[in-house]
Amino acid sequence: MGSTSTKIKLRTSDQKVFEVEKAVAVHVIHVHSVSGDILSKILDYCKKHVNSAAGKEDISPEELYEWDANFVKVDQNTLFDLILAANCLKIESLLDLTCQTEIRTTFNIKNDYTIEAEEAVRRENKWAFDMLGV
Amino acid sequence: MQKKMAYSFPDEVLEQVFSFIQSDKDRNAVSLVCKSWDEIERWCRRKVFIGNCYAVSPRMVIRRFPEVRSIKLKGKPHFADFNLVPDGWGGYVLPWIAEMAGAYPWLEEIRLKRMVVTDESLELIAKSFKNFKVLVLFSCEGFSTDGLAAIAASCKNLRELDLRESEVDDLSGHWLAHFPETCTSLVSLNISCLRSDEVSFSALERLVGRCPNLRSLRLNRAVTLDKIANILRRAPQLVDFGTGYYAAELQPDVFSNLAGAFSSCKELKSLSGFWDVVPAYLPALYSICPRLTSLNLSYATIQSPDLIKLVSHCPRLQRLLVLDYVEDSGLEELASSCKDLQELRVFPSDPFGAEPNVSLTEQGLVAVSLGCPKLRSVLYFCRRMSNAALVTIAQNRPNLTRFRLCIIEPKTPDYLTLEPLDVGFGAIVEHCKDLRRLSLSGLLTDHVFEYIGTYGKKLEMLSVAFAGDSDLGLHHVLSGCESLRKLEIRDCPFGDKALLANAAKLETMRSLWMSSCAVSFGACKLLGQKMPKLNVEVIDETEPPDSRPESCPVDKLYIYRSVAGPRFDMPPFVWTMGEAVRILH
């Protein structure tokens, strides 16, 4: 089990090669179905979240929430591609974010949750009303 | 290019759409889209599942979901099954029933597991819910046949009464007669846990006869073999049947009557019961064996040759529960006859005996893993195992999702090499990529936990006993197993360091149980202070933990996340840690 500063290489469907730190790309990845542009965006997302969690970047939860909101302000095609890639790469937080955004976009819904309110509902859902697969 | 749909649905339409969404996970996702979706969803959520009754309060559930029709609650931790949770620990359902009696007059279903249910609770259920249909009490205790009589008498539309594996006080055998003659709605009745005299057979016969939709009927030991034919002839539509005693002196007319009754049950797919079996009566089952998908012989003291004969008649078997009398030879037959097998559980006939009483070894399990391509779920008690066998099993069956191995004697090494079984279990977690539940046994070092932390990415529940060398073992699991929700540990040298270093992980899990480990009272207090959203409960029946130095290990520790804060129904031997709580007692 290597250290977090190890670098790994990813090759995309359009033959672009990316080199990233292992902490950013946690799993063994098959990226032949993901294009260079999408992978680039995804790596931005992962870097932002890993750096914020590790304390390498000074960013408050509210600022990160807002960064995420801006991250998904893309056209619908790109949003679809992000969903598929997040699903394929098993990045659950990005999948949640993009799917919710997709639903809200399709149905023209404004997310009127404050960050605290959303966190409270999310916590109650997971801690009280969650089923195991076992 | 997608067209943007710039309109909003009226609430009734959304509600209609949401009514098709049954899974909790999906409904939880819906609730996070925006506040109005949450509002609509919560008014139309009809089913709730609460995996830990102390993770949330009845009031909070009722406030969020005002129109619930079906609730499932779990109480005591799993290790209660091994008598590690003292009596009086908690898990009382009465406060839930009391709140729901007022808030949910249309409640239809209550399913409970490992909870304390009193007659008062049952009487309250009978009185409060006019449309009550389903009561499932799985491994519950605290009630008597008086409570059952109240349910039988009052619940006019009762569909299911299932008391599986519960402990019931025997007060009167006549509670069954309390079902009114007008009750014809029963679909499922499981009274297999009742002790001998708690059943009035004539009342049972009449009840069965007047319920045309009865699909599942599990009798108790009081019902003798000669009575089975009468019952079956009244319910030929049964899909699932549990016998009582399956023993009697062999009489040709009784046999042919029984065989005839079984053969008239064209839908019968699942059998259980079989206390005290006389093998000569097993051929009475042969006509239905070809259709059987589930067979529970875990009480049947049948020897291997008879088991082999029976199993060889059941090619469609998907689920088999059996005692180790089946032996390796019986499991080899199973492997060759039952290609649809998905679940196997082998229980010990003599767990406390010093010497093996049967010839059941790792070979039986290896044979089944090789012969049964659909095998997903294993619970196996045995006395010896080897790394080689475990590696073979792992390579044969990478589709395993549940693997529970119980080598009876703690710390038993690989019988061939005398080494720990780290490599064998390592192979299991490495090859079985969808493994969700794992129970370890045998001689194990910290290495096995390193494998588990590295490969067990989908593991949700892990049970550990008498294993590991140091805190590193626990650290590997808590830092590596991303999907871990329930961890239960006994008699392992795991202490403060790993627990405190991974405190945040505990908020991502449903619960952690540690007993007879090395976690100090001081660490428990610190954890309680650091993590206010966790309930850190210390259990000690001998003396209060603060009557000893802080560095002394606690006897038992149960930690769980909760949105309800600390509980207030603890017995004198349970203490909650925490800053605000000040060692609540």
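The values are calculated or read from the model by the stated rules, or taken from the named source; none is laboratory data. What you see is a predicted model, and the numbers here were worked out from it, not measured in a lab. Counting neighbours? That spans all protein chains shown, and the Cβs are built from the backbone with ideal geometry, glycine included. Accessible surface areas use protein heavy atoms only, side chains included; no ligands, DNA or RNA. Shrake-Rupley method; radii C 1.70, N 1.55, O 1.52, S 1.80 Å.
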- prompt: Got a sec? Which of B:Arg42, B:Arg111 is within 14 Å of chain A (Cβ to nearest Cβ) and either more than 18 Å from the chain's Cα centre (by Cα) or open to solvent by less than 40 Å² (accessible area, probe 1.4 Å) (or both)?
  reply: B:Arg42
- prompt: So which of A:Arg123, A:Arg104 is surrounded by 15 or more Cβ atoms within 10 Å (Cβ to Cβ), within 8 Å of chain B (Cβ to nearest Cβ) and either at negative phi or hydrophobic (A, V, I, L, M, F, W, C) (or both)?
  reply: A:Arg104
- prompt: Is one or more of the residues making up the stretch B:47-64 at pLDDT 95 or above, more than 11 Å from every other protein chain (Cβ to nearest Cβ) and touching a Gly at 6+ places or on another chain (Cβ under 9 Å)?
  reply: yes
field: Residues of the stretch B:494-511 satisfying the condition of being away from chain A (no Cβ under 14 Å) and assigned to a strand (DSSP E or B)
entry: B:Gly495
statement: Given the conditions (1) modelled with pLDDT under 95; (2) in a helix (DSSP H, G or I); (3) surrounded by 14 or more Cβ atoms within 10 Å (Cβ to Cβ); (4) more than 11 Å from chain A (Cβ to nearest Cβ), every one holds for B:Ser36 apart from (4)
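For every residue, the table says whether it meets (1) within 18 Å of B:Ile407 (Cα to Cα); (2) touching a Cys at 6+ places or on another chain (Cβ under 9 Å); (3) open to solvent by 30 Å² or more (accessible area, probe 1.4 Å).
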| residue | (1), (2), (3) |
| --- | --- |
| B:Val322 | yes, no, no |
| B:Glu327 | yes, no, yes |
| B:Leu331 | yes, no, no |
| B:Ser349 | yes, no, yes |
| B:Leu360 | yes, yes, no |
| B:Gly371 | no, yes, no |
| B:Val378 | yes, no, no |
- request: Please find, among B:Leu334, B:Leu282, the residue that is free of Cβ contacts under 8 Å to residues at least 40 places away in the same chain, of a type outside the set (S, T, N, Q), under 30 Å from B:Arg233 (Cα atoms) and not in a loop (DSSP other than H, G, I, E, B).
  value: B:Leu282
field: Set A:Ile115, A:Ile109: member being among the β-branched types (Val, Ile, Thr), in contact with a Phe, Trp or Tyr (Cβ under 6 Å, 6 or more places away or on another chain) and either open to solvent by 30 Å² or more (accessible area, probe 1.4 Å) or at pLDDT 90 or above (or both)
entry: A:Ile115
field: Residue in the stretch B:21-32 that is away from every other protein chain (no Cβ under 13 Å), touching a residue at least 24 places away in the same chain (Cβ under 8 Å) and either over 27 Å from B:Glu541 (Cα atoms) or open to solvent by 60 Å² or more (accessible area, probe 1.4 Å) (or both) present
entry: no
- prompt: Looking only at the stretch B:229-248, which residues are open to solvent by less than 10 Å² (accessible area, probe 1.4 Å) and under 11 Å from B:Val208 (Cα atoms)?
  reply: B:Ile231, B:Leu232, B:Ala235, B:Leu238
- prompt: Quick one: would you say B:Val346 is under 16 Å from B:Ser294 (Cβ atoms) and in contact with a helix residue (DSSP H, G or I) (Cβ under 8 Å, 6 or more places away or on another chain)?
  reply: yes
- prompt: When only residues in the stretch B:556-566 that are within 14 Å of chain A (Cβ to nearest Cβ) and outside any strand (DSSP E or B) count, which is farthest from B:Leu499 (Cα to Cα)?
  reply: B:Ala564
query: Would the stretch A:48-64 turn up any residue that is surrounded by fewer than 16 Cβ atoms within 10 Å (Cβ to Cβ) and touching a residue at least 40 places away in the same chain (Cβ under 8 Å)?
result: yes
- prompt: Can you pull out the residues in the stretch B:9-25 that are part of a helix (DSSP H, G or I) and within 19 Å of B:Val61 (Cβ to Cβ)?
  reply: B:Phe18, B:Asp24, B:Lys25
task: Residue by residue through the stretch B:87-99, note down the ones that are open to solvent by 10 Å² or more (accessible area, probe 1.4 Å) and within 29 Å of B:Ser516 (Cβ to Cβ).
output: B:Asp87, B:Gly88, B:Tyr92
Condition met for B:Gly75 (on the phi > 0 side of the Ramachandran plot, open to solvent by less than 10 Å² (accessible area, probe 1.4 Å), away from chain A (no Cβ under 11 Å) and at pLDDT 95 or above): no
task: Find the residue count for the stretch B:513-524, including only residues that are in a helix (DSSP H, G or I) and more than 15 Å from B:Asn502 (Cα to Cα).
output: 2
query: So, of the residues in the stretch A:48-71 that are within 14 Å of chain B (Cβ to nearest Cβ) and of a type outside the set (Phe, Trp, Tyr), which turns out to be farthest from A:Gly36 (Cα to Cα)?
result: A:Gly55
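Only one residue in B:Arg383, B:Arg404, B:Arg376 is within 14 Å of another protein chain (Cβ to nearest Cβ) and within 20 Å of B:Asp491 (Cβ to Cβ). Which one? Full working, then the answer.
Numbers: B:Arg383 fails: within 14 Å of another protein chain (Cβ to nearest Cβ); B:Arg376 fails: within 20 Å of B:Asp491 (Cβ to Cβ).
Among B:Arg383, B:Arg404, B:Arg376, only B:Arg404 is within 14 Å of another protein chain (Cβ to nearest Cβ) and within 20 Å of B:Asp491 (Cβ to Cβ).
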task: Please specify each residue of the stretch B:280-337 satisfying the condition of being closer than 15 Å to B:Leu375 by Cα and in contact with a His (Cβ under 9 Å, 6 or more places away or on another chain).
output: B:Ser337
query: Looking only at residues in the stretch B:45-72 that are of a type in the set (Lys, Arg) and part of a helix (DSSP H, G or I), which one is least open to solvent (accessible area, probe 1.4 Å)?
result: B:Arg64
message: Considering only the stretch A:81-97, I want to know if a residue exists there that is within 14 Å of chain B (Cβ to nearest Cβ), within 27 Å of B:Lys25 (Cα to Cα), surrounded by 13 or more Cβ atoms within 10 Å (Cβ to Cβ) and over 12 Å from the mean Cα position of the chain (by Cα).
response: yes
